[in-house]
Amino acid sequence: MTENHSPVSSETSVSTLTTSRIIAVGASAGGLEALKAFFQNIPENDNNSYVVIQHLSPDYKSMMGELLAKSTTLKIEQIKDNMEILPGRIYLIPPVNNLVIQNGMLHLLDKPKDQKLNLPIDMFLQSLAEFKKEQAIAIILSGTGSDGSRGIRAIKEHEGNFNLL
């Protein structure tokens, strides 16, 4: 798994950063096969950024990066707080965190410890809708309960695009 989160490299132009899309992909903990099938169909020269939001137990050590690497040639990165989002990458949320995007930066939030219901897909999609407006894109492969439905509504209200698969 690549851990490089340096500023824009010489291979990444500013125009690529402004024209690439951020695509949120929501999945439940059991969504590995759907994620693998999805990323197998993404071309290796794809300049979009993919942020995968999964329902994972904080006690769970995720092997998602290693498993997805067998299905794609895109760089896969574990998200760190205040991380710049770059094109042509897949970003994975750590199991112990929720995620939002603000001004193009990924921000990790602690999962609430006293709440039974945590909706990380909705939380990220709402922040993505506010940041990218009509350029926001969301794909829900699977979810837990209704997680993703409020986020999809926010994407739609900002005239973004979505698919439920």
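Some notes on this structure:
- Residue-span extension gain [Ala29 to Leu67] - 0.36 nm each, minus C-alpha spacing: 12.4 nm
- Loop-resident sites, region 108-139, for trypsin sites (Lys or Arg not before Pro), counting at most 11 other Cβ within 10 Å (DSSP): Lys113, Lys116
- Contact order for region 22-165, expressed relative to its length and based on alpha carbon pairs under 8 Å spaced 6+ residues apart, stands at 25 percent.
- Contact order, relative form, for region 34-111: 33 percent (alpha carbon pairs under 8 Å, 6 or more residues apart, mean separation divided by residue count).
- Potential lengthening between Gln78 and Glu130 on full extension [0.36 nm per residue; Cα-Cα distance subtracted]: 16.4 nm
- Interchain or long-range residues, amide H under 5 Å from Val25's placed H: Val51, Val52, Ile53, Ile139
- Protection proxy ranking of 37-46, 75-84, 121-130 - average other beta-carbon atoms within 10 Å, highest first: 121-130, 75-84, 37-46
- Computed over the Cα atoms of region 61-165, pair by distinct pair, the Kirkwood hydrodynamic radius stands at 14.5 angstrom.
A short reminder: the numbers here are calculations on the coordinates, not readings from a lab. Only a predicted model underlies this, so the values are computations on that prediction, with no experimental measurement involved. All Cβ positions, even for glycine, are placed from backbone atoms using ideal geometry, and neighbour counts span all protein chains on display.
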